[in-house]
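Notes to accompany the following structure.
The values are calculated or read from the model by the stated rules, or taken from the named source; none is laboratory data. As the structure is a computational prediction, the values presented were derived from the model and not from experiment. As a convention, Cβ positions derive from the backbone with ideal geometry for all residues, glycine included, and neighbour counts pool all protein chains shown. Accessible surface areas use protein heavy atoms only, side chains included; no ligands, DNA or RNA. Shrake-Rupley method; radii C 1.70, N 1.55, O 1.52, S 1.80 Å.
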Amino acid sequence: MRQTLVAGNWKLNGSLASIDGLLKAVLAGIGEVDNAEVAVCPPYVYLPTVQTMLKNSPVVWGAQDVCDEDSGAYTGEVSAPMLNEFGCKYVIVGHSERRSIYGESDEFTARKFAATRRAGMKPILCVGESLEEREKAVTEQVVARQLDAVIALEGVAALTDCVIAYEPVWAIGTGMTASPQQAQDVHAFIRQRIAAQDASVADKLQILYGGSVKGNNAAELFAKPDIDGGLIGGASLQAEDFLAICKAG
Ligand code: 13P
């Protein structure tokens, strides 16, 4: 039985004041969350504040990105060992906004995945197709290519210590959620592809859905056999909405 994970990706949002309010409200309601592990991924600079507020609580935290290198002359970057010092359990790698806005390739994403594991944290590897790709019916090829780049670099066993998030690009921030069956189909494809190489890794792997998950659609999504939780953008910025999703886990 795989545990449900609900992770909030705050993206480029928040301030010291708003984070204080948001996390206090999340902590006030977390006692009512029975099944899901709950995580938040703030912008880097807020990690020390988040760590201070969440330590000794059931809520864990992670980063939204990471450098593929551990140290050196890489101006502006933040490394996995640094994130580990601030107690991060998870690191999101290969989010579609990194891939499309910042041009990050499958291979580069795979190196970030490797850097995260080297430092002892769990990557949340994001995969997903664009609207154009879905309309061309190449969703499975796209997701397979994104997955295979990581398996080629790290081996299938590396997926034991990782989470995959299927986020169809057309569903992110648009209000157009994939239907539970559309999401389930791709989740099952991902699990089967990994099972073909290692059935036990595939069976234990948490595969999250992301893309316009809200309090009113989370339960139906999470009830699908291969959907093990969610990666939540907009709705993770409001405690009431985020907690409603966590309770659906
Ligand atoms: P929304 O929940 O705002 O659609 O964002 C999803 C996402 O990109 C999470 O990483």
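Would you mind telling me the share, in percent, of accessible area of the stretch 4-44 contributed by carbon and sulfur at probe 1.4 angstrom?
Numbers: 940 of 1690 Å².
Using a 1.4 Å probe with all protein chains present, the stretch 4-44 comes out at 55 percent carbon and sulfur.
Positive end of the dipole of the chain (Cβ unit charges, origin at the Cα centre): among Val213, Ser130, Gly103, the Cα lying farthest that way belongs to Val213.
If you take all C-alpha pairs in the chain, what percent of them are over 35 Å apart? It would help to have the intermediate numbers written out before the result.
Values: 2342 of 30876 pairs.
The answer is 8 percent, as a whole percent.
Our coupling estimate for the stretch 92-102, obtained by passing each phi through the Karplus curve with A = 6.51, B = -1.76, C = 1.60 and θ = phi - 60°, is 6, 10, x, 4, 4, 5, 5, 5, 8, 7, 10 Hz, Gly and Pro reported as x.
From the P(r) of the stretch 24-66, could you give the percentage of C-alpha pairs in the tail past 11 Å? Intermediate results must be reported in sequence, preceding the final value.
Values: 602 of 903 pairs.
That tail contains 67 percent of the Cα-Cα pairs.
Accessible surface of the stretch 203-249, 1.4 Å probe: 44 percent of it comes from carbon and sulfur atoms.
In the chain, the calculated helix contribution to ellipticity at 222 nm averages -12000 deg cm²/dmol per residue, counting -39,500 (n - 2.57) for every DSSP H run with n ≥ 4. Placing a label point 7 Å from the Cα of Ala28 along the Cα-to-Cβ line, the residues of the stretch 222-249 whose backbone N sits under 18 Å from it are 236-247. What the phi angles of the stretch 137-147 give under the Karplus curve with 6.51, -1.76 and 1.60, with θ = phi - 60°, is a coupling list of 6, 10, 3, 5, 4, 5, 5, 4, 5, 5, 6 Hz, glycine and proline written as x. Rolling a 1.4 Å probe over the heavy atoms of the protein chains gives the chain an accessible area of 43 Å² per residue. What percent do you get for the relative contact order of the stretch 100-189 when only Cα pairs under 8 Å and 6+ apart count? Relative contact order of the stretch 100-189: 35 percent.
Take 11-18, 241-248 and order them by the average number of nearby Cβ atoms within 10 Å per residue, most first; the result is 241-248, 11-18. In this structure, the pairs whose alpha-carbon distance is over 19 Å, taken from Lys224/Lys247; Lys214/Lys247; Lys11/Lys214; Lys89/Lys214; Lys24/Lys122, are Lys89/Lys214; Lys24/Lys122.
For Glu104, nonlocal amide neighbours, meaning residues 5 or more places apart or on other chains whose placed amide H falls under 5 Å from its own, are Arg99. Between Val40 and Gly8, Val60, Trp61, Gly62, the built amide H atoms are under 5 Å apart, and every one of these is 5 or more places off in sequence or on another chain.
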